[in-house]
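Structure, as structure tokens:
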Amino acid sequence: MQLGPRLATAKHLEQNGFALLPSILPPSALSSLDLPELTERGRGGSRCLLDQPWCADLARQLLQHPALRDLIPHDHVAVQCTYFEKSATRNWLVAVHQDLSIPVATQLEHPELRGWSHKDGSHFVQAPREVLEQLLAVRVHLDDCGPDDGPLRVVPATHTQGIIDAHRAAELRDASGETECAMERGDALAMRPLLLHASSKGRGNSRRRVLHFVFGPPALPFGLRWQVAVR
């Protein structure tokens with residue numbers, strides 16, 4: 001039996017930990033975004049944008065988007081949006097890793113909670129595996145991102161192996177290889193945060209802007225609360 005496009009995308013996400021979603025936002029929607037200046041001198045982005053009305057509105061659009069209907073559970077909420085910008089003056093590489101930290105309202109003492117940090121005015125903690133496995137990131141590309149623009153590279157199917165240390169991450173990457181996720185303006189990449197991923201520096205003079213949304217369950221264990229939750 002041949003699967004329809006939406007079910008095929010959901011199956012690809014389940015098996016490989018990522019899925020490419022073409023034309024999530026049309027050019028008209030991108031042009032209408034009233035983006036403020038999101039980067040500071042010497043920095044490549046901003047972590048906590050959901051408290052801004054334009055960003056919360058865009059998160060709600062994604063929650064209701066037909067292409068994401070089979071990927072995001074109906075009760076999930078938007079819990080984070082990070083802005084990344086690579087350009088000739090803001091350029092960096094990221095070694096292979098998983099996204100393990102989540103933004104929460106307050107810091108709590110609990111033996112199951114570790115890796116606390118404070119960034120951009122927010123508390124972050126390494127989430128338990130059962131929470132991380134429920135999260136879905138949706139990376140919306142505001143510009144074309146080809147091989148020279150520092151695109152994301154993912155190691156397929158590594159999202160099912162729990163939390164992976166740096167040595168094992170390098171072994172899995174070398175054994176399985178990476179998939180380069182070249183994208184066009186308006187495309188999105190859906191991915192599980194536990195999927196191993198990396199990126200290189202951009203090699204040209206282009207600008208690569210990404211809005212990285214994270215969606216998760218409305219309630220957290222151990223008395224934790226999301227810093228922001230948008231429905």
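The values are calculated or read from the model by the stated rules, or taken from the named source; none is laboratory data. Please read these numbers as outputs of a predicted model, since none were measured by experiment. When we count neighbours, we look across all protein chains shown, and the Cβ atoms used for this are built from the backbone with ideal geometry, even at glycine. To get the accessible areas, we keep the full protein, side chains included, count just its heavy atoms, and leave off ligands, DNA and RNA. Shrake-Rupley method; radii C 1.70, N 1.55, O 1.52, S 1.80 Å.
Filter the range 51-95 down to the residues that are hydroxyl-bearing (Ser, Thr, Tyr) and in contact with a strand residue (DSSP E or B) (Cβ under 9 Å, 6 or more places away or on another chain) and list them by number.
Correct list: Thr82, Tyr83, Ser87.
Kindly indicate whether any position in the range 170-178 is surrounded by fewer than 18 Cβ atoms within 10 Å (Cβ to Cβ), part of a loop (DSSP other than H, G, I, E, B) and under 18 Å from the mean Cα position of the chain (by Cα).
yes
In the range 131-139, is there at least one residue being in contact (Cβ under 8 Å) with a residue 12 or more places away in the chain and open to solvent by 70 Å² or more (accessible area, probe 1.4 Å)?
Among the residues of the range 131-139, at least one is in contact (Cβ under 8 Å) with a residue 12 or more places away in the chain and open to solvent by 70 Å² or more (accessible area, probe 1.4 Å), which makes the answer yes.
Quick one: in the range 180-192, which of the residues that are touching a residue at least 40 places away in the same chain (Cβ under 8 Å) and under 20 Å from Leu93 (Cβ atoms) is surrounded by the fewest Cβ atoms within 10 Å (Cβ to Cβ)?
Only one residue tops the list, namely Cys181.
Kindly list, by first and then second residue, each pair from a residue in the range 10-36 that is farther than 17 Å from Val210 by Cα and of a type in the set (D, E, K, R) to a residue that is modelled with pLDDT under 95 and open to solvent by less than 90 Å² (accessible area, probe 1.4 Å), limited to pairs with Cβ atoms under 9 Å and residues at least 6 apart or on different chains.
From residues that are farther than 17 Å from Val210 by Cα and of a type in the set (D, E, K, R), the pairs are Lys11/Leu3.
Residues in the range 140-158 that are under 30 Å from Thr89 (Cα atoms) and either small (Gly, Ala, Ser) or open to solvent by 60 Å² or more (accessible area, probe 1.4 Å) (or both): how many?
5
For every residue, the table says whether it meets (1) closer than 14 Å to His212 by Cα; (2) hydrophobic (A, V, I, L, M, F, W, C).
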| position | (1), (2) |
| --- | --- |
| Leu68 | no, yes |
| Gln80 | yes, no |
| Tyr83 | yes, no |
| Arg90 | no, no |
| Asp99 | yes, no |
| His110 | no, no |
| Pro128 | no, no |
| Asp144 | no, no |
| Val154 | no, yes |
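In this structure, is Pro111 open to solvent by less than 20 Å² (accessible area, probe 1.4 Å) and either closer than 25 Å to Thr160 by Cβ or part of a loop (DSSP other than H, G, I, E, B) (or both)?
Taking the combined requirement at face value, the residue does not satisfy it.
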